[in-house]
Amino acid sequence: MPGGEDAPIPDPLVWLTYVAANTERIRLATGILILPQRDPVVLAKEVATLDVLSRGRVTLGIGVGWLQEEGDAIEAGRDPHAIEITRGGAIDLDGVKRLADAGVDRVMIPPLGFDLVTLREQLARFADDVIAKM
């Protein structure tokens, strides 16, 4: 890990709160916040609060961790077959409306495909299922 074992690793949300309080325009983003290490409901509230206080400047990057020690620390292990991966092609207009009703005002769609054929198919489907109905 860069910086060695003694390098400080501050909590990213506390650090971003400090940055938000001392800036007005800079975007605030986590590189990757290790989701299994946090309570998802508490995290959602913390990030939503930070986004409101910073006037919409937060981008949240999440992941499941890549070090065996990260999984061991929360007794989750690091079995790649036990990790559910959700990809972006499944969102539809009803999903977007449910998010809007819940107070989400920005939705970032993850990659819809990783090869040209899949990307074209998923973009066409997204255009038909969501964009055309808005």
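The values are calculated or read from the model by the stated rules, or taken from the named source; none is laboratory data. Just so we're clear, the structure is a prediction, and the values are computed from it rather than from any experiment. Virtual Cβ from ideal backbone geometry, glycine too; neighbours counted across all protein chains shown.
Laid out as a table, the results:
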{"read-out": "Candidates GLY3, GLY65 - the one that is surrounded by 15 or more Cβ atoms within 10 Å (Cβ to Cβ), at pLDDT below 75 and not assigned by TED's automatic domain parsing to the domain that holds ALA132", "value": "GLY65"}
{"read-out": "Failed item, numbered, when ALA29 is tested on (1) at pLDDT 90 or above; (2) surrounded by 11 or more Cβ atoms within 10 Å (Cβ to Cβ); (3) farther than 27 Å from LEU119 by Cβ", "value": "(3)"}
{"read-out": "Selection within the stretch 1-37 - more than 14 Å from THR59 (Cα to Cα) and within 13 Å of the chain's Cα centre (by Cα)", "value": "ILE34, LEU35, PRO36"}
{"read-out": "Close pairs (6 angstrom Cβ cut-off, 6 or more residues apart or separate chains): over 11 Å from LEU53 (Cα atoms) in the stretch 8-23, part of a loop (DSSP other than H, G, I, E, B) anywhere", "value": "PRO12/THR30"}
{"read-out": "Selected residue [small (Gly, Ala, Ser) and modelled with pLDDT of 70 or more] from ALA90, ALA44", "value": "ALA44"}
{"read-out": "Complete set of residues in the stretch 24-56 that are without any contact (Cβ under 8 Å) to a residue 12 or more places away in the chain and small (Gly, Ala, Ser)", "value": "ALA44"}
